[in-house]
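**Q** Starting off with a structure, shown below.
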Amino acid sequence: MKKIIITGAAGFIGFHTTKLYLEKGYFVLGIDNLNDSYDTEIKKFRIKELKNFESFTFKKLDISNKDKLDKEFAAFSKNSKPEAIINLAARTGVRKSTENPTVYYMTNVIGALNIAELAVRYKIKSLIHASTSSVYGDSKARKFSLDAETSMPISNYAASKKSSEVLLYAFSKLSNINVTVLRFFTVYGPLGRPDMSPFIFIESNIRRKRISLFGNGLQKRDFTYVDDIVSGIFKSTKLKGFNILNLGNNNPVSIKYLLSLVEKITKTKNIIKELPPLPEDVFYTSADISKTKKLLNWVPTTNISEGIKKTYNWHIENIKWIKNIKI
């Protein structure tokens, strides 16, 4: 029996990762607290889709609650231990972390600590942990290299994620678990997060709503299609020791270009309101994925034009219920 634990299963990346493992015949324990960091209806929809698989077990709980987490790990590991824990549970969103930093540190740091301790207790050999390109801060580098400075984050979200990376490094050295930290670069795709620009831009265009453009739109992001991210997660479970890897598309584009792609696909003009830039937002992200290619034999396969088209098609196919999701 192949088993795996995935936290954050109701999240965007968590849903797609869980679905992949279920399709590959795994028994999956999915954990999520269904928090209201964005509209919970889309999280409930994802879990409903996953429950179509008999091999999926869902538990609603917060990874910062160690006692409850321990109970579920014990039950799931009773007859045979899981191959890995994939920790995709996190409080996300750079801007919101300024408003409520405590909840970010509780989930992203204390939660990661709880999971690491339980991985050791239940002798689960591999722990995959989601981090973020935000740890690079407002880097001016052309490519964000793994040996770049990451001790100067400019948001509480990034600081909490960097803290979890350091914590897990210590655990990997003090125990016999394999830890891989994956730094994701602006993930998008079907069933995405309604608080991120691809979802907001597409839905605002369809609904004829105004789009708030913070700054001049020349900011660039390394938008990465969710299927590529999930492929990297799946391959990373085989790595030994401690590793940090970038998962990005390796081809950043500007926010204005993304807006123009949406207009091209929908054949409808966006309604834009320009606003001042926000202090938590970085100007540029770009992943150096040379180590990822070498260790995982992984490369992204979906470019931004193709990915946005696929995402738009999903929005149109689900237009009846998506129109009620708050953006």
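**Q** Rounded, prolate or oblate: which fits the stretch 16-99, taking a ≥ b ≥ c as square roots of the Cα gyration tensor eigenvalues, rounded meaning a/c under 1.5, else prolate when a/b beats b/c?
**A** It comes out oblate by the Cα gyration axes.
**Q** Ratio to report: Rg/Rh of the chain, with Cα atoms as the point set and Rh obtained by the Kirkwood method; give two decimals.
**A** 0.95
**Q** Quick check: the distance between the Cα centres of the stretch 143-193 and the stretch 248-264, to the nearest angstrom?
**A** One Cα centre to the other: 24 Å.
**Q** Can you give me the relative contact order of the stretch 1-92 as a percent, contacts being Cα pairs under 8 Å and 6 or more apart?
**A** The value is 40 percent.
**Q** Oh, and also: For the stretch 250-327, what does the alpha-carbon gyration tensor say about shape, rounded, prolate or oblate, given a ≥ b ≥ c as the root eigenvalues, a/c under 1.5 as rounded, and a/b over b/c as prolate?
**A** In terms of gyration-tensor shape, oblate.
**Q** If you don't mind, another one. Compute the separation of the alpha-carbon centres of the stretch 227-246 and the stretch 81-102 and state it in Å as a whole number.
**A** Going from one Cα centre to the other spans 17 Å.
**Q** Please give the contour-minus-distance gain from residue 320 to residue 268: 0.36 nm per residue of separation, less the Cα-Cα distance, rounded to one decimal in nm.
**A** The span from residue 320 to residue 268 would gain 16.8 nm if fully extended.
**Q** Please give the length that would be gained between residue 207 and residue 81 if that part of the chain were fully extended, namely 0.36 nm times their separation in residues minus their C-alpha to C-alpha distance (nm, one decimal).
**A** Full-extension gain reported as 40.6 nm.
**Q** Additional query: For a 27 Å ceiling on Cα separation, which of these pairs sit above it: 48/256; 60/310; 143/256; 68/320?
**A** Result: 48/256; 60/310; 68/320 exceed 27 Å.
**Q** Something else about it: Run lengths n ≥ 4 of DSSP H only: what is the helix-derived mean residue ellipticity at 222 nm for the chain, with -39500 (n - 2.57) per run over all residues, to the nearest 500?
**A** Value at 222 nm, helices only, nearest 500: -12000 deg cm²/dmol.
**Q** Here's a follow-up. What residues qualify as long-range amide H neighbours of residue 214, i.e. H under 5 Å apart, gap of 5 or more or another chain, H built at 1.01 Å from N?
**A** The list, which skips near neighbours in sequence, is 275.
**Q** While we're here: Roughly how many nanometres apart are two label points built 7 Å out from the Cα toward the Cβ at residue 310 and residue 195?
**A** Reported label-point gap for residue 310 and residue 195 is 2.5 nm.
**Q** Using the alpha-carbon atoms, what tilt in degrees (0 to 90, nearest 10) does helix 40-50 show relative to the longest principal axis of the chain?
**A** Taking Cα atoms only, the helix is inclined about 60 degrees.
**Q** Further question on the same structure: Mind giving me the nanometre distance, one decimal, between the label points for residue 70 and residue 260, set 7 Å out from Cα along Cα→Cβ?
**A** 5.7
**Q** What nm distance separates the two modelled labels at residue 291 and residue 174, each placed 7 Å from Cα along Cα→Cβ?
**A** Modelled inter-label distance: 2.2 nm.
**Q** Let me ask something additional. Nearest 5 percent is fine: what portion of the DSSP beta bridges confined to the chain is antiparallel?
**A** Counting only bridges with both partners in the chain, antiparallel ones make up about 5 percent.
**Q** Under 5 Å between amide H atoms, partner at least 5 residues away or on a different chain: which partners does residue 144 have, H built in plane at 1.01 Å?
**A** Those lying under 5 Å, H to H, from residue 144 are 286, 287, 288.
**Q** For residue 246, enumerate residues with amide H under 5 Å from its amide H, sequence gap 5+ or separate chain, H modeled in the peptide plane.
**A** Amide H neighbours of residue 246, under 5 Å, 5+ apart: 183, 292.
**Q** What is the stretch 53-109's relative contact order, in percent, from Cα pairs under 8 angstrom and six or more apart in sequence?
**A** 33
**Q** Distance between Cα centroids, the stretch 118-142 to the stretch 36-51: provide it in whole Å.
**A** 24
**Q** Give me a comma-separated list of calculated 3J(HN,Hα) values for the stretch 56-72, in order, Karplus coefficients 6.51, -1.76, 1.60 applied at θ = phi - 60°, integers in Hz, x for any Gly or Pro.
**A** 9, 10, 10, 10, 8, 7, 9, 5, 7, 9, 5, 4, 5, 5, 4, 4, 6
**Q** What is the angle, in °, between the Cα long axis of helix 111-121 and the longest principal axis of the Cα atoms in the chain? Nearest 10 is fine, range 0 to 90.
**A** 30
Every number in this text was worked out from the coordinates using simple rules, so none of it is lab data. None of the values given here were measured: they were computed from a predicted structure. Methodologically, a virtual Cβ is constructed for each residue, glycine included, from the backbone with ideal geometry; neighbour enumeration extends over all protein chains shown.
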